[in-house]
Amino acid sequence: MALLDLLVYPDKRLTKVSQPISEISENLKQFILNLEETFRSFPGCVGIAAPQVGRFERVVLVDISHKPQHDNHGFLVLINPEISSYEGSNVGREGCLSVPDYTGKVERAVSITLEALNEKGEKKVFQMKGYEARAVQHEIDHLDGKLFLDRLVSRRNALSKRIELST
Amino acid sequence: MLTLVGKDRNGIVAKVSQALFDLNGNLGETSMTRLGGNFTIMLMVCVPEKTSIVQEKLQSVCDEFELFFHLDEIEGELHQHIEPDVRISIHGADQAGIVARATGALNEAGLNILNLESDVGGQPDSPVYIMHIEGVAGKGIDSLEKALQKFSRENDVVAHMTPIDTMVG
């Protein structure tokens, strides 16, 4: 296994659209292991996309299980991921390994239906909500050459989830 | 740090930033916003020229736009952002001392304020005060929540608190 070099904004390659995977090759499996090792080397990070390390293929890894307060499906290898339905929207704060020292508010769908192949090439369908759905939408954006910077909302835009403390 | 204020009108930002660019100034982080009928700028700028030359150039722009400005030498300290972990919104009928009491209570409960924005809305004869605060809960969320509940009860305002869990992908 090996740590892969991360592309950092304003590297123009981060705007490239990634290509679908047509075959789960041995080379791809090895790449996924390296991508996971790279991902694990950033504690607190919840996802990584192949184009962030310069491989422009539609593969992302997501794992929010270290934040057990959020519903999650554990560690996910998502190949050719497609979101088939979106529901609701809210604003949350995001950061990105490829955009150091900056976080901002981004509007995302609250719930999604996600279809993807796993590392064995099996088709999977997931219903996701909240934090995990946000992470997946952030990572799939990378496959389309988009960063959270492209989706920032105003600093003055309030976060929508609120805890009422008084009447 | 350039601090600048004056009656709001079109073109202030363009004119001021052009003047600084003409001095080979390099802008850092800024906050530029309309407060009531005024326009305000807090702006970090690194200028190779002497302060007296910057003063002179800015004075001519400010005379034209009837603005007041002030320059202070500061350390940049860029690339050291602190992430907020809590957001607090407070609103209610405007009352004297509301900001002092709110921020006093929150400070005691461990809040380090990173950003505060407040607006006066409602009718002129019954104004409403709306405040949004983002910061770091130095003594934890529970401490802040208790303080906010007490503050809300004692001051007859509505207060919401939302933990901020920044997602890094």
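Please treat every number below as a calculation from the coordinates, not as lab data. All figures in this text were calculated on a predicted structure; none of them were measured in a lab. Here Cβ is always computed from backbone atoms with ideal geometry, including for glycine, and neighbour counts include all displayed protein chains.
FRET efficiency for the A:Ala2 to A:Arg151 pair, using the beta carbon distance and R₀ = 35 Å, is estimated at 0.65.
The angle between the Cα long axis of helix A:130-143 and the longest principal axis of the Cα atoms of chain A comes to about 50 degrees, rounded to the nearest 10. Converting phi to 3J(HN,Hα) with the Karplus coefficients 6.51, -1.76 and 1.60 and the offset θ = phi - 60°, the stretch A:107-115 yields 8, 9, 5, 6, 10, 9, 10, 10, 10 Hz in sequence order, with x at every glycine or proline.
One chain, two ends: B:Asp165 and B:Glu29. Fully extended at 0.36 nm per residue, the span grows by 46.6 nm beyond their Cα-Cα distance.
Residues B:His70, B:His132 in ascending order of nearby Cβ atoms (within 10 Å, fewest first): B:His70, B:His132. Summarising the amide proton neighbourhood of A:Gly145: residues at separation of 5 or more, or on other chains, whose placed amide H is nearer than 5 Å comprise A:Ser18. For chain A, leaving out every one of the GluC sites (Glu not before Pro) that falls in a DSSP loop and has at most 10 other Cβ atoms within 10 Å, the longest unbroken run is A:24-121. The gain in end-to-end length when the B:Phe68 to B:Asp22 segment is fully stretched comes to 14.6 nm, 0.36 nm per residue minus the alpha carbon separation.
The distance between label points at A:Lys67 and B:Ser118 comes to 3.1 nm (points 7 Å beyond Cα on the Cα→Cβ vector).
Rounded, prolate or oblate, given the Cα gyration tensor of chain A, with a/c below 1.5 counting as rounded? In terms of gyration-tensor shape, prolate.
The mean number of Cβ atoms from other chains found within 10 Å of a Cβ in peptide A:93-99 is 4, as a whole number.
Taking trypsin sites (Lys or Arg not before Pro) across the stretch B:33-103, the ones in a DSSP loop with at most 11 further Cβ atoms lying within 10 angstrom of their Cβ are B:Lys50. For chain B, the longest principal axis of the alpha carbon atoms and the long axis of helix B:12-22 meet at an angle near 50°.
Phi angles across the stretch A:44-49 convert, under the Karplus curve 6.51 cos²θ - 1.76 cosθ + 1.60 with θ = phi - 60°, into 3J(HN,Hα) values of x, 6, 10, x, 8, 10 Hz, Gly and Pro given as x. When only alpha carbons are used to place a centre, the stretch B:1-71 and the stretch B:86-146 end up 29 Å from one another. Each of A:Phe31, A:Phe75, B:Phe68 was scored by other Cβ atoms within 10 Å of its Cβ. Listed from fewest to most, they are B:Phe68, A:Phe75, A:Phe31. For chain B, the longest principal axis of the C-alpha atoms and the axis of helix B:98-108 are separated by about 70°. Put a plus charge on the Cβ of each Lys and Arg, a minus charge on the Cβ of each Asp and Glu, and nothing anywhere else: the dipole of chain A about its Cα centre is then about 560 debye. A cut-off of 5 Å between modelled amide H atoms, ignoring neighbours fewer than 5 places along the same chain, links B:Val128 with B:Asp94, B:Gly121, B:Gly122, B:Gln123.
Can you give the FRET efficiency to the nearest 0.05 for B:Gln59 and B:His79, using r as the Cβ-Cβ distance and R₀ = 30 Å? The computed FRET efficiency comes out at 0.40. With θ taken as phi - 60° and the Karplus curve 6.51 cos²θ - 1.76 cosθ + 1.60 applied, the whole-hertz 3J(HN,Hα) list for the stretch B:82-91 is 9, 7, x, 10, 8, 10, 10, 10, 10, 8 Hz, x standing for glycine and proline.
For the stretch B:2-71, the relative contact order is 46 percent, taking Cα pairs closer than 8 Å that sit 6 or more residues apart in sequence and dividing their mean separation by the residue count. Site pair B:Ala14 and A:Glu122 shows an inter-label distance of 6.1 nm when each label is modelled 7 Å from Cα along Cα→Cβ.
GNM on chain A, alpha-carbon springs under 10 angstrom: the most fluctuating residue among A:Ser65, A:Ser98, A:Ser154 is A:Ser154. Once you sort the root eigenvalues of the Cα gyration tensor of chain B as a ≥ b ≥ c, which label holds: rounded (a/c under 1.5), prolate (a/b larger than b/c) or oblate (the other case)? Cα axes put chain B in the oblate bin. Put simply, the amide H of B:Val45, placed in the peptide plane, has neighbours under 5 Å in B:Leu2, B:Gly28, leaving out anything fewer than 5 places away on its chain.
Sorting A:Val60, A:Val110, B:Val16, B:Val54 from the fewest to the most surrounding beta carbons within 10 angstrom yields A:Val110, B:Val54, B:Val16, A:Val60. If the chain linking A:Lys29 and A:Arg55 were pulled fully straight, counting 0.36 nm for each residue of separation and taking away their Cα-Cα distance, it would gain 8.0 nm.
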